[in-house]
1. What is the magnitude of the charge dipole of region 3-126 about its Cα centre, with +1 placed on the Cβ of each Lys and Arg, -1 on the Cβ of each Asp and Glu, and no other charges, expressed in debye to the nearest 20?
2. Hey, could you grab the Kirkwood Rh for region 3-126? Inverse mean 1/r over distinct alpha carbon pairs, Å, one decimal.
3. Counting Lys and Arg as +1 and Asp and Glu as -1, what is the net charge of the other residues whose Cβ lies under 15 Å from the Cβ of residue 20?
4. Can you give the relative contact order of region 43-88 as a percent, counting alpha carbon pairs under 8 Å and 6+ residues apart?
5. Pairs of Cα atoms under 8 Å, at least six residues apart: use those to get the relative contact order of region 52-123, whole percent.
6. Go ahead and set up a Gaussian network model of the chain, Cα springs under 10 Å, then flag whichever of 41, 87, 111 fluctuates most.
7. Normalised by the residues of the chain, what does the relative contact order come to in percent, with Cα pairs under 8 Å and at least six apart?
8. Under 13 Å between alpha carbons: how many lysine pairs meet that in the chain, if sequence neighbours fewer than 8 apart on the same chain are excluded?
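Nothing in this text is a laboratory measurement; each read-out follows from the coordinates by a stated rule. Quick caveat, the model's predicted, so the values are computed rather than measured. Cβ coordinates were reconstructed from backbone atoms using ideal geometry, including for glycine residues, and neighbour counts include every protein chain displayed.
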Amino acid sequence: MTPTEIAQKIWAKMRATENANGDYTRAHWSFTATEHRDDFIATVTAAMADGVITAEEMHTLWKSQAEGKGWTYGKTRNFNRKVSPAIKPFAELPEREKLAFNTALAETKTIESSLDKATLDSIRLAK
């Protein structure tokens, strides 16, 4: 499984969780801009390479990368304007945003546990 395939699976799981909670702002992977997909792949790859173990760590990693790409806080997620309600400390996130990061982490761990050592090593080296 490639980092792109892993990221796509996690994206889909997060999208389903958000949709179930009334948030329909995350587009299907195939309708998401390449830049946003690449950023998400980088976050997932870094999380796996760094051995991220909590949703707060995953959020901190994502937030740092997002801010470096020009994302700012906004009440509603808008990929075109690069605003997100998740651009704030993890403790201040609304429960639905915390749930999205917990979902991403759980899915990452599930996928990691199914990969062989060579694949994990290649992901860690790709960082």
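1. Numbers: 17 positive and 17 negative charges, 81 e Å.
Roughly 380 debye for region 3-126.
2. Numbers: mean 1/r = 0.0685 Å⁻¹.
The Cα-based Kirkwood calculation yields 14.6 Å.
3. Working: positive: 13, 15, 26, 96, 98; negative: 18, 23, 95, 97, 107.
Charge balance in the 15 Å sphere: 0.
4. Details: 39 pairs, mean separation 12.6, N = 46.
For region 43-88, the relative contact order is 27 percent.
5. Numbers: 56 pairs, mean separation 20.5, N = 72.
Relative contact order comes out at 28 percent.
6. In this elastic network of the chain, the residue with the biggest mean-square fluctuation among 41, 87, 111 is 111.
7. Values: 126 pairs, mean separation 43.0, N = 127.
After rounding, I find 34 percent.
8. Total qualifying Lys-Lys pairs in the chain comes to 8.
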